[in-house]
Structures are given as structure tokens and as C-alpha cells.
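Scroll down for the structure; my scribbles are underneath it.
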Number of protein chains: 2
Amino acid sequence: MTLSTECMMAVMVTRAESAAVTRRALLDAAAELLDLGGPEAVTLREVGARAGVTRGAPYRHFAGKDSLLTAVVTEGWERIGDQVHALRTDPALSASEKLRGALRALIGVGRDQPHLYQMLFRRPGHRPEELGEGLDRVRRQLCGPAGDPAADRVRAAGRFQDEFLAIVAALVGERNTRHYGALLLSGAHGIADMELSGHLGTDRLRSTTDELVDTLVRMVGDAGETT
Amino acid sequence: MTLSTECMMAVMVTRAESAAVTRRALLDAAAELLDLGGPEAVTLREVGARAGVTRGAPYRHFAGKDSLLTAVVTEGWERIGDQVHALRTDPALSASEKLRGALRALIGVGRDQPHLYQMLFRRPGHRPEELGEGLDRVRRQLCGPAGDPAADRVRAAGRFQDEFLAIVAALVGERNTRHYGALLLSGAHGIADMELSGHLGTDRLRSTTDELVDTLVRMVGDAGETT
DNA sequence: GTAGCCAAGGTGACAACGTCATCTGAAACC
DNA sequence: GGTTTCAGATGACGTTGTCACCTTGGCTAC
């Protein structure tokens, strides 16, 4: 039955269409495996199998495993960017409600897709030993060829940051945006990652993520007013 | 020359001593490889080679690769715990100086040993999908047999937290310690991890880690006073 | 319409890895 | 002195990422 349906639906597909659907299936399979068991569980053989192709096929669409995972991470950043964009442009929300929502959205990704979340905050080539100028250098290095996985990922993360900083600017003013934006983002990420690593919610550190976010936003609001 | 020295020093070593020195060499080799290239670069074959044994030998001292890495992480937590202990008991420092020092020490580990740092904040069995009650559950599960790698790691992290929270308590009072302690630790970890992942120090988020720590401590100090 | 092109995908192979079963030799113990 | 025990060596197995090579079927130029 599945086969006959497949045959009927396979009638008249152009080559580009077929390649696009395979690429999409590879990305979906990789994202699913990532959610299930982390980067280690994403094997090109299993990805290929779930996408209905063999182990070598992914190399037609991605340079290798890293490249595939980077593409999955890029789509993760794009989704979060969309979420924050929706918050920022929602006329029914106050500035601090938008901020709280953005931070909670980030932490929510951590809770719903822990493995994906942890990959959001890994250097594209995952080489933390060379700190240098951070993503700016990566951006300059890779800005040229659009479609490059690492560059796409940096761009997607940058868009998220722009949306987020626009919300922060409305709260603490243009002049303090970069500083308090960095502090808020670091704080939210720290809260999310502490929860993921199991350090939160213990006997010693018993606060919930929501409580921590509320305190953080309140403190920044107070500090932003006085300056 | 090295060989003759070795021979001279190798005279009359008991079996337990030899085993201990091998275990030590394995840990050192694993830590070194971790610093150089991350967990992927820690192969049992290379660890064994650097420790002067073959690939199978590590299994005499550790259950497997995970167990070995967990032991390395445990020693990392112990070192940080010692650092914070030294800060806490230093009579020449004020409470806020101690706090700032502790946060900077944590971030310093991130800068000096990025790969080790990132493993400090990974679940012992690295299974972030089951959030549950966090480390408390792991602690209860594994509290029995001392010497168990995961239990040791949880204990070492717990000691660090105790030292840290003692500093926080002196600043915001006993009643707020858990909440603000969690916030400060999350904040510092977020700052460190954002720097490692290259998200800090970009055009959009240009603050330094020291600036962020200062603001964070100042805000918590203000909030702690008012309550 | 037909010949050639080209890219998606299949297949075999390779090295590296974690892990285990088995063997060996020497220290430890009675 | 014989036995036990355990650190370490060795061979083997399954899995993985990756590459070179091959096949096949749409696409394009004439």
C-alpha cells in the first residue's frame, strides 16, 4: 500500500524537486535523532535510512556530519528568531513582558530540545580553544559564500540577537542595550544550561527557572531606570 | 638517560604503587588530551600510549571512556572548590570581593580549559533528556558506593556549591542565599559559556566578562540590601 | 529525437574508535 | 613453594565517518 501510494506520488518529479525533498528529509531525520539521543546518536547511516537513502547519500547534500548538524542548528536559531520576532511585534505586550517572554522562550527550547539547545551555544567548528574575536571573526571569514553552513548559522544567530536586542533597547535605552543585552542573554542561557546539567532544582539551588528570570528582569529594570 | 633514570627509580615498587601511578598517568593524559582537542580527542588508545600502557589497560582502572572523563571532571570540580575555599577563608577580602573572585575564578576556568569547563556542566551520564530532579536524584542513586565516578563528581560539585553559597550568604543573608546563589552561579556560567561559544565580544554584544560580572554582582548587592 | 552531460544516489573499502574475551607474568598471600 | 590475584598485553568484533568509484535517470544542446 505504501509502495503503491509512493509510486502514484512519485509520478513526474523533477530532479531538483527530488533533491530538495531528500535534503529536507535528511535534516528532519538528523533533528529527530539529535532530539532523541544527542549528537552521538546522529549517525549518517541512520539519518540516511530514515530519509530513505543509503549512508553515502548525505554527502551529496552536506560536506559531512558536522555540516549536517550545523544546518540543523541553523534552523533552530531561525525558529527562535521567529519566536522573538513575534514577541517583539506583538502590540498587546509591554516591553518587560516581551523581554520575559523572550528569555522564557529560550529556556523553553532548552527544556523541549535539550540536545539542540546545547548545540546552539557551541562554536560552529566547535573549537573553543581559540577564543579570538568570537563570532565576528567567523562571520568575516565566512560571510562571502552564502549557503555555507557555518556562515548561515552565524547569520541566523545574529538575527535572533537583533530581535532580542530591539526588545532590550525599549527597556534600558539605546546606550545600555549592548551591555544589558549581553547580561540578560548570558543570564537566561546560564539558567537554561544549569537546569539542563541538573545543577538547578537541587537541595542547594532550589529556585525555578521562572523565578530566576523574574528576578533577573526586575533587577535589570531597576538598574536600567537609575542610569 | 630518561630510561636509566626510570630504571633506577623503578627499583622496588609495590604493585599497588605501580597501579596508582598508572591511574594517575591515565588521568593526566586524559586531562591533557581533553584540553587539547575536547572529548572527541580523548581516545583510550592515545591516553594509554601517553601513560605508557596499551589500549586495554585503562579498563583496569576505569569502567570505560565515560568513567575516565567523569574522573577528570571530578578533579576539575575539586580544584575549583579549593579555589573558592581559599577565597572564602581569606580574611583580607570583603564579602563582595570574595564573590567577584569566585565568579571570575569560574569564568577563568572556562577561558583556560574550555573543554573541561564545558564538561563541568554536563549531566554525569550526559542524558539531558530526562530532567527529573537533577543532581539530587543522581546523588541519591549513587550515594552508596564511594569511589563511584558519577557519585564522586556530584560530591565534588556539591562541595564547590557549598563554598560558593557560604560566600553568597554573607552578602544577601541566609534566607535569600539559595535564590540569589542560583542566579549568580547561573549568571556566571552563562557569561562563561557565551564567551566560549563566541557569542560575547561581537558587534552586537560587546561587553567583557569582567564588566558583566561587575554589573551582576552590583545588581544582586542592591537587590539583596532592599530585601 | 537523440546523443551526451551531470548530479543524485548506491556500493565497496578503509582507518579509527570503544569494548570485550582471553592470555601472561609477576607480585601477594598462606 | 604453591596458589591466588590482578595489572597489563593482545586479538578480535561491531560501529562509525569518510572517500573513491560506479550506476542511473532526468536535463540540455543540437
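The values are calculated or read from the model by the stated rules, or taken from the named source; none is laboratory data. Predicted, not measured: the structure shown is a model, and the values here were computed from it. Quick reminder, even Gly has a Cβ in these numbers, built from the backbone with ideal geometry, and neighbours come from all protein chains shown. Side chains included, ligands, DNA and RNA excluded: accessible areas come from the protein's heavy atoms. Shrake-Rupley method; radii C 1.70, N 1.55, O 1.52, S 1.80 Å.
Listing for the model above:
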| read-out | value |
| --- | --- |
| Residue tally, condition within 16 Å of DNA strand D (Cβ to nearest atom) and either within 14 Å of another protein chain (Cβ to nearest Cβ) or of a type in the set (G, A, S) (or both), over region B:54-81 | 8 |
| Residue that is farthest from the other protein chains (Cβ to nearest Cβ) [pool: residues in region B:171-227 that are open to solvent by 50 Å² or more (accessible area, probe 1.4 Å) and closer than 27 Å to A:A150 by Cα] | B:T208 |
| Check on B:G110, of a type in the set (G, A, S), surrounded by fewer than 23 Cβ atoms within 10 Å (Cβ to Cβ), touching a residue at least 24 places away in the same chain (Cβ under 8 Å) and assigned by TED's automatic domain parsing to the domain that holds B:D214 | no |
| Among residues of region A:8-35, those that are at pLDDT below 95 and assigned to a helix (DSSP H, G or I), counted | 9 |
| Any chance B:G147 is modelled with pLDDT under 90, open to solvent by 20 Å² or more (accessible area, probe 1.4 Å) and more than 9 Å from chain A (Cβ to nearest Cβ) | yes |
| Residues being under 15 Å from B:D162 (Cβ atoms) and either acidic (D, E) or touching a strand residue (DSSP E or B) at 6+ places or on another chain (Cβ under 8 Å) (or both) - total across region B:80-113 | 1 |
| Region A:37-53, subset in contact (Cβ under 8 Å) with a residue 24 or more places away in the chain and either closer than 29 Å to A:L196 by Cα or within 13 Å of chain B (Cβ to nearest Cβ) (or both), residue nearest to DNA strand C (Cβ to nearest atom) | A:L44 |
| Qualifying residue in region A:39-62 (condition: on the phi > 0 side of the Ramachandran plot and at pLDDT 95 or above) | yes |
| Qualifying residue in region B:55-69 (condition: within 16 Å of DNA strand C (Cβ to nearest atom) and touching a Lys or Arg at 6+ places or on another chain (Cβ under 7 Å)) | yes |
| Failed item in (1) within 16 Å of DNA strand C (Cβ to nearest atom); (2) in contact with a helix residue (DSSP H, G or I) (Cβ under 6 Å, 6 or more places away or on another chain), with B:E78 passing the rest | (1) |
| Extreme residue, most open to solvent (accessible area, probe 1.4 Å), among residues of region A:16-53 that are within 9 Å of DNA strand D (Cβ to nearest atom) and small (G, A, S) | A:A16 |
